[in-house]
Amino acid sequence: MKGMTIIVKKTTQLIAGMIFLYGIYIILHGHLTPGGGFAGGIILAGSFILLILAYGSDFLILVRKESGSTIYENLGVLVFLFLALTGLLFGGRIFFANWLPHGTPGELISAGFLPLYNICVGIEVAASILSIFLALIIFKEEILK
Amino acid sequence: MELTISVIVGFMILGAIYAIHARDILSAVIAGGIVGYSLVICFLLIKAPDLAIVQIVVETITLIIMIAVVLDSSRTEAYGRFDGQAYATAGAALVILLILFWLFRHASASLDHFGEGTLRMSDAYINGAVEKTGSVNLVTGVIFDFRGYDTLGEATVLVTAVLGVLTILRIRGRK
């Protein structure tokens, strides 16, 4: 896939970092404001997709990036499952027990496990969407070769 | 409020009909975007900002991927012949549509008025959810605490979808 013009590349350089930060904000404040793991994860993947569309695949070694994203995707789900399983050990033998202290409602560090679940789901969704996009691009490059 | 939502839903139906009948696939994809973005406005009107954020982000990413795919492949649609079998299929679809319409008409007569009253189960979620989960955002409290199994299932569905895509699209094996 070919890249776009210099105007698009420069604008992408300026904006992609801010989109990434906004995705992290949406994920971390999932238990306080609207948003959460799913929305923030797709915003994170969107910043990567923007970079790939603007710069083309000549600049990026896509296959290595794809194996990285599949690893993070599986890791996200496994950590999510592991955190849920800890409820069986410490939370009175209940799956998905929220046994961490809840803290003051409304603060950033509160609500026990919910921010951790949000982070896991955010990483997993971002890596999944990016994996599908990279698979489509790699498929086309392999066809053309 | 109901009038506004009805007008927006009318736009969605028009966009969907245009997307089916458009000769150019690119304009069909963009007309399909009308449906998604109108749904965002509907979610905002009935005060569901969580769903609105997810819907607008997913719609944008999907539209970008679809447009990139269409621009790289053909833009004209391949039309088939309209023979006897097609008439039979259309007739069966029409009959099923009428039966479904009749069933939904009966079911909606027994529901509450739009926007009033809650289900019995949601009362248990709403009352004292902040004390139970510690989360100020009720939606996060429900999907990660009360309905944790559902969220785990959704995450697993996404992983399975990626596995399927990689299995189908991989031409050469990885070393």
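The values are calculated or read from the model by the stated rules, or taken from the named source; none is laboratory data. The shown structure was predicted, so the numbers you read here are calculated from the model rather than taken from an experiment. Because the Cβ atoms are built from the backbone with ideal geometry, glycine has one as well, and the counts that use them run over all protein chains shown. Surface accessibility is based on the protein's heavy atoms, side chains included, excluding ligands, DNA and RNA. Shrake-Rupley method; radii C 1.70, N 1.55, O 1.52, S 1.80 Å.
Details
- Ordering of A:79-88, A:127-136, B:9-18 by burial proxy (mean other Cβ atoms within 10 Å per residue, highest first): A:127-136, A:79-88, B:9-18
- Helix B:2-21 and the long axis of chain B differ in direction by around 30°, with both axes built from C-alpha atoms.
- On association of chains B and A, roughly 3900 Å² of accessible area becomes buried (total for both chains; probe 1.4 Å).
- The alpha carbons of the protein assembly as shown stretch over 62, 58, 37 Å along the principal axes, in descending order.
- With each label modelled as a point 7 angstrom along the Cα→C-beta vector, the A:ILE109-B:ARG23 pair spans 6.5 nm.
- C-alpha center-to-center spacing [the stretch B:1-34, the stretch B:140-167] in angstrom: 29 Å
- Only Cα sites of the stretch B:119-175 enter the Debye sum here, all with the same form factor; the resulting log10 I(q)/I(0) across q = 0.17, 0.22, 0.26 1/Å is -0.65, -0.84, -0.99, listed in q order.
- Global size of the stretch A:6-144 as Cα Rg and Dmax, reported in angstrom: 17.9, 59
- Chain B: relative contact order in percent, alpha carbon pairs under 8 Å with at least 6 residues between: 13 percent
- Taking all Cα pairs closer than 8 Å and separated by 6 or more residues, the relative contact order of the stretch B:1-77 comes to 32 percent.
- Sorted from greatest to least, the principal axis extents spanned by the alpha carbons of the stretch B:1-77 come out as 41, 23, 9 Å.
- Remark: mean inter-chain Cβ contacts per residue of B:60-71 equal 3, using a 10 Å Cβ-Cβ cutoff to other protein chain atoms.
- Summed side-chain charge close to A:PHE95 - residues other than A:PHE95 whose Cβ falls under 14 Å, Lys, Arg +1, Asp, Glu -1: 0
- Rg/Rh for chain B, where both radii come from Cα atoms and Rh is the Kirkwood radius: 1.03
- Rolling a 1.4 angstrom probe over the stretch B:1-77 with all protein chains present gives an accessible area of which 76% lies on carbon and sulfur atoms.
- Mean sequence separation of contacting Cα pairs (under 8 Å, at least six apart), scaled by the length of chain A, corresponds to a relative contact order of 31 percent.
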